[in-house]
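Structure record follows, encoded as structure tokens.
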Amino acid sequence: THFGFKTVPEEKKETLVKNVFDSVASSYDVMNDAMSLGVHRLWKDDFVSSLKPGVKGPLRCIDLAGGTGDIALRILDFARENYADRETSVDVVDINGEMLKEGYKRFKKTMYHNTPQVAFIESNAQALEQFPDNTYDLYTIAFGIRNCTSVPDVLKEAYRVLKPGGTFACLEFSKVTNPLFNMVYDQYSFSVIPIMGSILAGDRESYQYLVESIRKFPSQPDFAQMIVDAGFATGGMHEGKGGAWRDLWGGIACIHKGVKV
Ligand code: SAM
């Protein structure tokens, strides 16, 4: 327990995650802005622009735990705005149909609707049986991997569906490295976020789960090691240029990358 909250047992995780996202789907985008004070947008912009989709020609992308399509939309916009690329495509994959429905509705208002540039597919990141080997140039997963029961299984499937030379990129909440900043952040996330969840979305427990899942996720170097264990090259195990990860805002979030060799 932490600040009096009960921890969720691992075996209940899958059902819980399903329920959490069912109940937050319609309020998800609003809550994301409220809880992160809009900062998730900056992180997602940073994440996608660091991948430069379209720079070397159109890409076939898969966005796991794609939810309402935040990353997919940024990938398509980035390729189009910077390289006049209208051939890059993104398969948005999520375990939760409600989240995908919100994404589909949102894409209806964009120029990508009814084009081969986007598709919404329900599937579990840990078992992508419907997707063949060596298919994609880019695999992204943003704020999704920590909700999965088995991170190694997710990485294994990511490796399998990527083409050789393809990139795995993950944006996730991580560990704040500065102890003082960490104390402030802990207080904020464990007290403010569940309260906001109950006020804005009428759902304290779901948001409490989200906060807990952040604490349980492996540290930057541990996660980097898992990526290497799955077969990816990370350009060395150290933080910095060409390294396995890059912290955002002192480690509140972090970008990890790997290349299929
Ligand atoms: N990527 C989106 C974003 O950044 O806004 C959505 C992130 S949301 C916090 C997490 C998403 O992960 C939810 O839509 C949830 O349904 C999905 N998810 C959880 N477990 C999953 C799994 N095993 N396979 C695929 N998606 C999963």
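The values are calculated or read from the model by the stated rules, or taken from the named source; none is laboratory data. None of the values given here were measured: they were computed from a predicted structure. Ideal geometry is used to build each Cβ from the backbone, glycine not excepted, and the neighbour counts take in all protein chains shown. Remember, those area values only see protein heavy atoms, side chains included, never the ligands or the DNA or RNA. Shrake-Rupley method; radii C 1.70, N 1.55, O 1.52, S 1.80 Å.
Restricting attention to region 84-101, does a residue exist that is assigned to a loop (DSSP other than H, G, I, E, B) and within 16 Å of the ligand (Cβ to nearest atom)?
yes
Return yes or no: is residue 24 at pLDDT below 80 and part of a helix (DSSP H, G or I)?
When the stated conditions are applied, residue 24 passes them.
Restricting to region 34-89, and then to whatever is under 30 Å from residue 199 (Cβ atoms) and without any contact (Cβ under 8 Å) to a residue 24 or more places away in the chain, can you tell me which residue is most open to solvent (accessible area, probe 1.4 Å)?
37
For region 17-31, give me the residue count where each residue is open to solvent by 20 Å² or more (accessible area, probe 1.4 Å) and near the ligand (Cβ under 10 Å from one of its atoms).
5
What is the residue count in region 105-121 for residues that are under 25 Å from residue 207 (Cα atoms) and more than 16 Å from the ligand (Cβ to nearest atom)?
0
Scanning region 122-175 for residues that are open to solvent by 20 Å² or more (accessible area, probe 1.4 Å), free of Cβ contacts under 8 Å to residues at least 40 places away in the same chain and in a loop (DSSP other than H, G, I, E, B), which turns out nearest to the ligand (Cβ to nearest atom)?
Filtering region 122-175 for residues that are open to solvent by 20 Å² or more (accessible area, probe 1.4 Å), free of Cβ contacts under 8 Å to residues at least 40 places away in the same chain and in a loop (DSSP other than H, G, I, E, B), the one nearest to the ligand (Cβ to nearest atom) comes out as 126.
Does residue 72 satisfy the condition of being modelled with pLDDT of 95 or more, within 25 Å of residue 132 (Cα to Cα), in a helix (DSSP H, G or I) and more than 15 Å from the ligand (Cβ to nearest atom)?
no
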